[in-house]
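The values are calculated or read from the model by the stated rules, or taken from the named source; none is laboratory data. Bear in mind that the values here come from a model prediction, so they are computed numbers and not experimental data. Using ideal geometry, Cβ is built from the backbone for each residue, glycine included, and neighbour counts are taken over all protein chains shown. These accessible areas exclude ligands, DNA and RNA; they are computed on the full protein's heavy atoms, side chains included. Shrake-Rupley method; radii C 1.70, N 1.55, O 1.52, S 1.80 Å.
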Amino acid sequence: MARAIWTGSISFGLVSIPVGLFSATEDHTIHFNQFERGTADRIRYQRVNERTGKEVEYSDIVKGKDVGGGDYVLVEPDELADIAPGRSRTIDIVTFVDLDEIDPIFFQKTYWLAPTAEQYARPYALLRDAMTRTNRAGIATFVMRGKEYLTAVRADDDVLALETLFFADEIRDRSSLDELPGTSKAKGKEMEMATGLIESMSGPWRPEDFRDTFTERVEKLIEDKRRGREIVTEAEPPEPTAMSDLIAALEASVAEARGGRKPAGTKAGKAGGKAERKTRKAEPDPPDLSELSKADLTAMARDLDVAGRSSMNRAELEKAVAKASGAAQKRRKAS
C-alpha cells in the first residue's frame, strides 16, 4: 500500500477534508555510486565540523542563514514548524481559477490527494466532481518540510491532483535572453512549408508511445561492460540547418512526414518502368535579410565563411551576407 508523504486537510470555504499526499511520479534514472579512478574504493560524504574535523550527527545539525559580514542566524527545525503550525497541516484553497489560464511554465511537480478515511469520500468526491464540471483549479498554499508551496488542486478523472507551482517571482524574465527573433515574422513559402510540416507530423497525444531510451542505453552500457563486450558509440547530433538550405530542408521533412513522397523538383519514376526524366531542382527563394535576426545572419555568415563576422553588428552582417550570397550564386551559375 502506498504511504502518504504528508497528511493534513484540504479546505475550501468552511468545508475541510482530511487527505494524504502521495507522489504521482517516480524517477527511474540510474543512480551511480562514486569510486576513486583506478581503485575499488568508494567515495563517501560525511557531515564534518570544519573547525574540529569531526563528524557531526544529523540530529545535532541546525540551519544557519548568512546575514552578511560572516554572521549567521541559527534556526532550529522546530522553530520553522512553530511559525506556521496550522499551515503545515492545511491545504487552504483561497480562489478557483480556470485551469486553462495557468501557464504551463508555473507547473513544478504532481502529487495525488486521497481521503484518509472512508467517511471523507463524499466531500472529496463533491469537490472533485464540481471542479471537473467547472474546469476550475483550486489555488492554495501549504507548508511541507520547512517550505511553503503554491499549489493548484485539480480533478484528474477519479482523483484530485495537487500541482506544486512556482511563485511569480521565481519565473525568470525572458527579456534577458539574447538573440531572440523579436518582432520579425516568418512569411511566404517558409511559413507555408513550416505549417505544412507541423500538420503532417501532428497526431493524438499518446504518452505510452514514448520511453526513456537514454536510460535503456545506460543499462546496455553497464551490461556490455560487465560482459566485456564492445561499446558502441552513438551517432553525433545533426549540424544546424543553414539559412540557405531552410526551404529544401522543410520540403524534404514534409515529404518524409507524409510517407516518403519526394518533394517537387526531385527525380520521380514514371509508371510502367519508363525511364526517369531528369529535372533541374529550382533554386530556393533567397530569404529576406531585413527580416532575419542577428543570430540568423551570423549563422548565414558562418556558412558563407564571411571574415570578421564575430565583430560585426547586425547592419554590417546583413550587408556582408548579401554580398557573399550574391558571389556564391554567381559561382553556382557559372558551374
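The lone criterion from (1) under 26 Å from the mean Cα position of the chain (by Cα); (2) closer than 16 Å to residue 18 by Cα left unmet by residue 106 is number (2). Looking only at residues of segment 1-20 that are under 32 Å from the mean Cα position of the chain (by Cα) and assigned to a loop (DSSP other than H, G, I, E, B), we find that the one that is nearest to residue 149 (Cα to Cα) is 5. Being over 32 Å from the mean Cα position of the chain (by Cα) and either aliphatic (A, V, I, L, M) or at pLDDT below 90 (or both) is a property that does not hold for residue 66. Scanning segment 144-167 for residues that are of a type in the set (A, V, I, L, M) and without any contact (Cβ under 8 Å) to a residue 60 or more places away in the chain returns 150, 152, 155, 159. Within segment 131-142, the set of residues being without any contact (Cβ under 8 Å) to a residue 60 or more places away in the chain and either open to solvent by 50 Å² or more (accessible area, probe 1.4 Å) or part of a strand (DSSP E or B) (or both) comprises 132, 133, 134, 135, 136, 137, 139, 141. Checking each residue in segment 27-46 for being among the hydrophobic types (A, V, I, L, M, F, W, C) and closer than 27 Å to residue 211 by Cα picks out 30, 32.
Looking across segment 25-42, the residues that are among the charged types (D, E, K, R) and either in contact (Cβ under 8 Å) with a residue 12 or more places away in the chain or surrounded by fewer than 10 Cβ atoms within 10 Å (Cβ to Cβ) (or both) come down to 26, 27, 36, 37, 42.
On the stretch given as segment 43-61, residues that are within 36 Å of the chain's Cα centre (by Cα) and surrounded by 10 or more Cβ atoms within 10 Å (Cβ to Cβ) total 2.
Among residues of segment 194-213 that are in a helix (DSSP H, G or I), those with a Cβ under 7 angstrom from a residue that is open to solvent by 60 Å² or more (accessible area, probe 1.4 Å) and not aliphatic (A, V, I, L, M), sequence gap 6+ or separate chain, pair up as 200/258. When the residues of segment 145-174 are filtered to those that are surrounded by fewer than 17 Cβ atoms within 10 Å (Cβ to Cβ) and assigned to a strand (DSSP E or B), the one that is modelled with the lowest pLDDT is 147. Just one of the listed residues (40, 24) is within 32 Å of the chain's Cα centre (by Cα) and not charged (D, E, K, R), and it is 24. For segment 186-227, the set of residues classified as modelled with pLDDT of 80 or more, open to solvent by 100 Å² or more (accessible area, probe 1.4 Å) and either more than 30 Å from residue 32 (Cβ to Cβ) or of a type in the set (Gly, Ala, Ser) (or both) consists of 192, 198, 199, 205, 206, listed by residue number. Of all residue pairs spaced 6 or more apart or on separate chains, those with beta-carbon atoms under 6 Å, a first member in segment 285-312 that is assigned to a helix (DSSP H, G or I) and a second member that is at pLDDT below 75 and not aliphatic (A, V, I, L, M) are 291/184; 295/179; 301/309. I'd like to verify a number: residues in segment 193-235 that are in contact with an Asp or Glu (Cβ under 8 Å, 6 or more places away or on another chain) and aromatic (Phe, Trp, Tyr), how many? The qualifying residues number 0.
Applying the criterion of being in contact with a Gly (Cβ under 6 Å, 6 or more places away or on another chain), of a type in the set (Val, Ile, Thr) and open to solvent by less than 60 Å² (accessible area, probe 1.4 Å) to the residues of segment 84-123, the residue that is modelled with the lowest pLDDT is 90. Of all residues in segment 21-40, those that are farther than 30 Å from residue 152 by Cα, hydrophobic (A, V, I, L, M, F, W, C) and part of a loop (DSSP other than H, G, I, E, B) total 3.
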